[in-house]
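Please read the structure below before turning to the comments.
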Amino acid sequence: MNKKQPFDYVLFGVILILLAIGINMVFSASMYIDKELYNDGFYHLRKQAIWASLGIGAMYFTSKIDYKIYKNRKLIALGMLITIFLLVVVLLLPPIKGARRWIGFGNLGIQPSELAKIILVIYLSDNLSRKGEKVKTFLQGVLPVLIVSGIFAGLIIAEPNMSTSVIVMATAFSMLFVAGAKVSQLSVILILGAVVAFFAMKSADYRWRRFTAFLNPWADPLGDGYQAIQSLYALGAGGFFGVGFGQSRQKNYYIPEAQNDFIFAIIGEEFGFIGVFFIILLFTILIWRGIRIAINCKDRFGMLLAAGITSLIAIQSSINLLVVSSSMPVTGVTLPLISYGGSSLLFTLISLGILLNISRDL
């Protein structure tokens, strides 16, 4: 049996740096509002620190477990059933801010959709690794993947949470490509997916308004174009070096809940082009190390698992950066490891722990 190698320390270092930046930026983006709303400037910082501690512990745990254990089909089936059960249960709970996405446990809550992303990646890694050349056929290779991914995406979009369902389907699409599915088939699926996404946006007024607002946010500056405009103001105000840590003006009721989806705009305002470039560089290194791990992994299951986890991070971070820079319609996607959000942070760190373990087997 081959001796395990040390895990990828470059990847590990980037994860810790992004996590440290995230904790500090959550504090900066939320402290003034927290003082007014909760009389506690550390309210969001404290909760994020708790989740980060849990996440680091979980990442350490998954980094020590041999990733091949996830190939157990009974374990995968159990994980799928639990995830689908939670995705159904959350639809039966009272809405929070107009959506049914959270299952609460005391003062903490989790989003089953975050669990669904990593469970689906594990399932697809096992499924596609067993298919071999059959992945090139539509009926045996591509269609089953689309059906299972579609079930997950359908339950998530019912919350409603279209952005996460898009991430789920985009990740499944990426894994099919990596597994060797025919480009011609994937191209047809991509076109059909774009058509479905268009009609999904048209089916809900708020989604369509967001899309049209993206094309010209100044047409409705106090309505659907508001967040995009305020985000651009924040990025523009930062200039080259930024206004300084904690000195953002846009976080003071201009950008709603600035510690969440638009935290990158606050980074741009406080640290300017230098800060923005540094964050993008860190994510580029993280994605590069993930691709490197996938390419060098000798086990097909491990290769697909690494590719799936890396795709999740790459797709989600790309969508967030595009939204904040007003390069695509506003949608609720957090910036991995940086935005405030407990279950998102926890499951991101769990998946990165798995990626670290795969890096030991190269």
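The values are calculated or read from the model by the stated rules, or taken from the named source; none is laboratory data. Owing to the predicted nature of the structure, the values given are computational and were not obtained by experimental measurement. For neighbour counting, all protein chains shown are included, and Cβ atoms are generated from backbone atoms with ideal geometry for every residue, glycine included. We work out accessible area using only protein heavy atoms, side chains counted, and drop any ligands, DNA or RNA first. Shrake-Rupley method; radii C 1.70, N 1.55, O 1.52, S 1.80 Å.
Could you tell me which residue out of 168, 120, 72 lies farthest along the dipole of the stretch 44-168 toward its positive end? Charges go on the beta carbon: Lys and Arg +1, Asp and Glu -1, centred on the Cα centre.
My answer, from the dipole projection, is 72.
Express the carbon and sulfur contribution to the solvent-accessible surface of the stretch 300-357 as a percent, rounded to the nearest whole number, probe 1.4 angstrom.
69 percent
If you fit an axis through the alpha-carbon atoms of helix 342-359 and take the longest principal axis of the Cα set of the chain, what angle between them do you get, 0 to 90°, nearest 10?
40 degrees
When the chain is treated as a GNM, springs tying every alpha-carbon pair under 10 Å, which of 344, 125, 163 comes out with the largest mean-square fluctuation?
Fluctuation is largest for 163.
Assigning unit charges at the beta carbon (Lys, Arg +1; Asp, Glu -1) and nothing else, what dipole magnitude in debye, to the nearest 20, does the chain show about its Cα centre?
Numbers: 30 positive and 18 negative charges, 271 e Å.
Approximately 1300 debye in magnitude.
Using alpha carbons only, how many degrees (0 to 90, rounded to 10) separate the axis of helix 112-131 from the longest principal axis of the chain?
Once rounded, one gets 30 degrees.
Quick check: Cα centre of the stretch 302-362 to Cα centre of the stretch 155-207, how many Å?
Using only Cα atoms, the two centres lie 17 Å from each other.
If you bin every alpha carbon distance in the stretch 7-107 into 5 Å steps from zero, what whole percent lands in each bin?
All Cα pairs considered, the percentages come to 2, 10, 11, 13, 16, 18, 16, 8, 4, 1, 0.
Shape verdict for the stretch 163-311, please, from the Cα gyration tensor: rounded (a/c under 1.5), prolate (a/b greater than b/c) or oblate. Intermediate values should be presented prior to the final figure.
Values: a/c = 3.20, a/b = 1.36, b/c = 2.35.
It comes out oblate by the Cα gyration axes.
As a check on your grasp of the helix formula, calculate [θ] at 222 nm for the chain: sum -39500 (n - 2.57) over DSSP H runs of n ≥ 4, divide by the residue count, round to the nearest 500.
Helices in the chain give a 222 nm mean residue ellipticity of -23500 deg cm²/dmol.
Over the Cα atoms of the stretch 232-362, each weighted equally, I'd like the Debye log10 I(q)/I(0) at q = 0.13 Å⁻¹, rounded to two decimals.
The Debye formula, applied to the Cα set alone, gives -0.58.
Over the chain, with a Gaussian network built from C-alpha contacts below 10 Å, which listed residue (33, 293, 338) shows the highest mean-square fluctuation?
33
May I ask you to list the lysines whose Cα is less than 19 Å away from that of residue 35, ignoring any residue fewer than eight positions away on the same chain?
47, 251
Would you work out the charge dipole size for the stretch 1-138 about its Cα centre, treating the Cβ of every Lys and Arg as +1 and the Cβ of every Asp and Glu as -1, and quote it to the nearest 20 debye?
On the way: 18 positive and 8 negative charges, 152 e Å.
Using only the charged Cβ atoms, the result is roughly 720 debye.
Hey, could you grab the Kirkwood Rh for the stretch 205-288? Inverse mean 1/r over distinct alpha carbon pairs, Å, one decimal. Don't jump to the answer; show the numbers that get you there.
Numbers: mean 1/r = 0.0744 Å⁻¹.
The Cα-based Kirkwood calculation yields 13.4 Å.
Considering only protein heavy atoms, what per residue accessible area in square angstrom results for the stretch 151-270 with a 1.4 angstrom probe?
Averaged over the residues of the stretch 151-270, the accessible area is 49 Å².
Please report, as a whole percent, how much of the solvent-accessible surface of the stretch 174-272 comes from carbon and sulfur atoms (probe radius 1.4 Å).
With neighbouring chains kept in place, the figure for the stretch 174-272 is 66 percent.
Relative to the longest principal axis of the C-alpha atoms of the chain, give the angle of the C-alpha long axis of helix 143-157, reported between 0 and 90° and rounded to the nearest 10°.
Its long axis makes an angle of about 30 degrees.
Of 310, 212, 348, which has the largest mean-square fluctuation in a 10 Å C-alpha GNM of the chain?
Sorting by GNM fluctuation, first place goes to 212.
Find which of 303, 13, 227 sits farthest along the positive direction of the dipole of the chain, computed with +1 on the beta-carbon of Lys and Arg, -1 on that of Asp and Glu, about the Cα centre.
303
Which of the three applies to the stretch 256-310, rounded, prolate or oblate, going by the alpha-carbon gyration tensor with a ≥ b ≥ c and a/c under 1.5 meaning rounded?
The shape class here is oblate.
State, to one decimal in nm, how far the label point of residue 299 lies from the label point of residue 78, with both points 7 Å from Cα in the Cβ direction.
Going from the residue 299 label point to the residue 78 one covers 1.9 nm.
Taking amide H positions as placed 1.01 Å from N in the peptide plane, with prolines and chain starts having none, which residues 5 or more places from residue 260, or on another chain, fall under 5 Å of its amide H?
For residue 260, the qualifying residues are 340.
Starting from the alpha-carbon convex hull of the stretch 294-361, give the projected area averaged over all orientations, in nm². List each step's numbers first, then the result.
Details: hull surface 20.3 nm².
Averaging across all directions leaves 5.1 nm² for the Cα convex hull.
Which whole-Hz couplings ³J(HN,Hα) result when phi for each residue of the stretch 320-326 is put into the Karplus expression 6.51 cos²θ - 1.76 cosθ + 1.60, θ = phi - 60°, listed in order with x for Gly and Pro?
4, 5, 5, 5, 5, 8, 6
Is the C-alpha gyration tensor of the stretch 96-210 telling us rounded, prolate or oblate? Criteria: a/c under 1.5 is rounded; beyond that, a/b larger than b/c is prolate, otherwise oblate.
Working: a/c = 3.34, a/b = 1.45, b/c = 2.30.
Because a/c hits 1.5 or more and a/b fails to exceed b/c, the stretch 96-210 counts as oblate.
Can you tell me the convex hull volume per residue for the chain, based on C-alpha atoms, in Å³ to the nearest whole number?
Values: hull volume 49.8 nm³, N = 362.
Hull volume over Cα atoms, normalised by residue count, gives 138 Å³.
Hey, with R₀ at 41 Å, roughly what FRET efficiency would residue 240 and residue 66 work out to, going by the Cβ-Cβ distance, to 0.05?
Values: r = 47 Å, r/R0 = 1.14.
So the FRET efficiency works out to roughly 0.30.
Return the aspartates and glutamates within reach of residue 298: Cα separation strictly under 14 angstrom, same-chain partners fewer than 8 residues apart disregarded; answer none if there are no such residues.
Answer for residue 298, where 14 Å is the Cα cut-off: 361, listed by chain and number.
With viscosity set to 0.692 mPa s and temperature to 37 °C, compute the Stokes-Einstein D of the stretch 128-174, Rh being the Kirkwood radius across alpha carbon pairs; µm²/s, no decimals.
It diffuses with D of about 294 µm²/s by this estimate.
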